[in-house]
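This report refers to the structure that appears directly beneath it.
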Amino acid sequence: MDGLEILIFLFLLILGYFSGTYFEKRHYKSIRERERKTLHVPMVTFGAKQSLPEAQDAQLFVGSVVISVDYFKMISATLRNLVGGRVMVYESLLDRGRREALLRMKEEAMAWGANQIMNVRLETAAIGGRSGNNSGPGSVEVIAYGTGIR
Amino acid sequence: MILTTLEGVPGKTIVEHYGLAQGSTIRAKHIGKDIMASLKNLVGGELKAYTELLQESRQEAVERMVQQAEELGANAVVNIRFATSSVAQGAAELFAYGTAVKVE
């Protein structure tokens, strides 16, 4: 019985590692491509404390994404918890989430015809992923919002 | 209704302030989606069902904020901010707030 449990654990670990790495690579590739494509529209985090820009129209745009850890990342972060230090597996997770959320907001704003996005704010929330297991962030939600002007 | 995260509306001037307008909603997860999500927790990647669920809920929070602003007589909400918090296992609160104003 114990042997079986260890086998399942190893299987999940390997599955998590390979699928997680695959999804992450594919995601980063798509993020980089879309970031290049949307580079010409500036996004700024200021806007509230300076004079308003010249524009005809302004509208709120929100982009959000929920991104999940994989089994390998979870175990690796649990081990990291014992010794402390940088949890690199989660860093890339949140980086992907932020960039994806920003891109979604930007793409929506560009479809509307925005030539600039002002006062962009980012918000992160941990969502308890696995029911009955409260250790670590099961998944994180990232939202990006800002005002598109045209 | 004009919604912005700026302190005003570009091209228009604020003629009247009505104070804070807010809207919130608390949503619980769908059990079926939760099972799918816990599978996805093993392999990683985006949880599309949750993204959609939270997007819908946030839309609702914004609608409630807009409704409150309309009741006050405003035609725009400026300086909007969002917040998310998980209040209980499996439930999340989505909150939107801003300042209701009249612009011309």
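The values are calculated or read from the model by the stated rules, or taken from the named source; none is laboratory data. Every value quoted in this text rests on a predicted model; they were computed, and no experiment measured them. Every residue, glycine as well, gets a Cβ built from its backbone with ideal geometry; the counts of neighbours run over all protein chains shown. These area figures cover heavy atoms from the full protein model, side chains too; ligands, DNA and RNA do not enter into them. Shrake-Rupley method; radii C 1.70, N 1.55, O 1.52, S 1.80 Å.
Observations on the model:
- Residue (of B:THR13, B:LEU42, B:THR25) at the positive-pole extreme of region B:2-103, dipole from beta-carbon charges: B:LEU42
- Rounded to the nearest 10 degrees, the inclination of helix A:88-112 to the longest alpha-carbon principal axis of chain A is 30 degrees.
- Chain B contacts chain A over a buried accessible area of about 3300 Å², both sides summed; the probe is 1.4 Å and only protein chains count.
- Binned Cα-Cα distances of chain A, short to long, each 10 Å bin given as a whole percent: 10, 32, 28, 18, 9, 3, 1, 0
- Acute angle (nearest 10 degrees) that the helix B:31-43 long axis makes with the longest principal axis of chain B, alpha-carbon atoms: 70 degrees
- Between region A:87-128 and region A:1-41, the alpha-carbon center distance in angstrom: 19 Å
- Each Lys and Arg adds +1 at its Cβ and each Asp and Glu adds -1 at its Cβ; summed about the Cα centre, chain A shows a dipole of about 400 debye.
- Residues along region B:54-70 losing 40 Å² or more of accessible surface when the other protein chains are present rather than the chain by itself (probe 1.4 Å): B:LEU54, B:ARG58
- Spin-label pair A:ARG121-A:LEU10: with each label point 7 Å from Cα along the Cα-Cβ axis, the two points sit 5.0 nm from one another.
- Accessible area in square angstrom per residue, region A:2-149, 1.4 angstrom probe: 54 Å²
- Under 11 Å, Cβ to Cβ, from A:MET88 - net charge with Lys/Arg +1 and Asp/Glu -1: +1
- Residue among A:LEU13, A:LEU82, A:LEU94 with the largest mean-square fluctuation in a Gaussian network model of chain A, springs linking Cα atoms under 10 Å: A:LEU82
- With every protein chain in place, the protein assembly as shown: carbon and sulfur % of accessible area (1.4 Å): 57 percent
- Number of Lys pairs (Cα under 25 Å; 8 or more positions apart or on different chains) in chain B: 5
- Under 24 Å, Cα to Cα: Lys pairs in chain A, sequence gap 8 or more or different chains: 8
- Folded to 0 to 90 degrees: helix A:2-37 orientation relative to chain A principal axis, Cα: 20 degrees
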